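The values are calculated or read from the model by the stated rules, or taken from the named source; none is laboratory data. Because the structure is a prediction, the values reported are computed rather than measured. Neighbour counts run over all protein chains shown; Cβ positions are idealised from the backbone, glycine included.
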Amino acid sequence: MRRSRFTESEILHLLDEVGAGVPVAEICDTAGVSLRTFYRWRRSFGGLSTANVAKIKELEFENARLRGLVRNLSERLREEQEARKAAPVHDKERERRRAVGIAAEKCGGAVTGRFASVRVNP
């Protein structure tokens, strides 16, 4: 977006002149701006003081910084999730315990050896 020739304080000064009774057309001719630009400024800055405009600019900067932080965190989370999906962890002991537990359920809890579920007649 193109940067304005006028600072926020200059725009606020021009808007304050309308409140003092100066016609809008005269202000636009003196400043060298169109009526459309003037009314756009009034819609954006109308009723604000210089301190309020500075505070708005500060909040916009803070919001942009926070959006960047959130974007970075979401990218990191996405990368971590992709890394987890790409390389599954195989824990032999955990798999063995799971198999023994399944065998115990099939046998009613009477597991006597590693292959007890194979020996059980259904």
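Within the range 1-33, how many residues are under 18 Å from G47 (Cα atoms) and aliphatic (A, V, I, L, M)?
The qualifying residues number 9.
Based on what the data block shows, is V100 in a helix (DSSP H, G or I), modelled with pLDDT under 85, exposed (fewer than 10 other Cβ atoms within 10 Å of the Cβ) and among the β-branched types (V, I, T)?
For V100, the condition - in a helix (DSSP H, G or I), modelled with pLDDT under 85, exposed (fewer than 10 other Cβ atoms within 10 Å of the Cβ) and among the β-branched types (V, I, T) - is not met.
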